[in-house]
Amino acid sequence: MLAFQGRLLNRAAEICGGWDALYQHLGVTEHSVRLWIDAKARLPERIFLKAADIVLEDDIARASQDRRNQPRVPSIRENTANAAPSGRQA
């Protein structure tokens, strides 16, 4: 979780237009975000959910503009059906 929270915050900052905008949107200080990105402190649930909302809302907006008829990633069912026996790659 600690490694993931840094990636989440980086993506949220990109979407918000920079770190200052993210600090304001989340209502936190630069110092707190630095601790979370460096995995020196656990991201509070309230902040995690706000950051996740930023990323998910952006993904949903992008998906609504996607003109492809097929999903970008094959389904789990397709991956399982194409897997070689004994967990080896086909």
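Which of the trypsin sites (Lys or Arg not before Pro) found in the range 1-62 are loop residues per DSSP with 16 or fewer other Cβ atoms within 10 Å of their Cβ?
Answer in residue order: 40, 42.
Where does each of 19, 36 land when they are ranked from fewest to most other beta-carbon atoms within 10 angstrom?
Listing 19, 36 from fewest to most nearby Cβ atoms yields 19, 36.
Using a basic spin-label model with each label point 7 Å from the Cα along Cα→Cβ, how many nm lie between residue 41 and residue 3?
Rounded to a tenth, the inter-label distance reads 2.3 nm.
Given the range 2-64, what whole percent of its Cα pairs are spread farther than 14 Å?
Every Cα pair in the range 2-64 considered, those over 14 Å come to 52 percent.
Bear in mind that the values in this text are calculations on the coordinates, not laboratory data. Keep in mind that this is a model prediction, so the values were computed, not measured. When we count neighbours, we look across all protein chains shown, and the Cβ atoms used for this are built from the backbone with ideal geometry, even at glycine.
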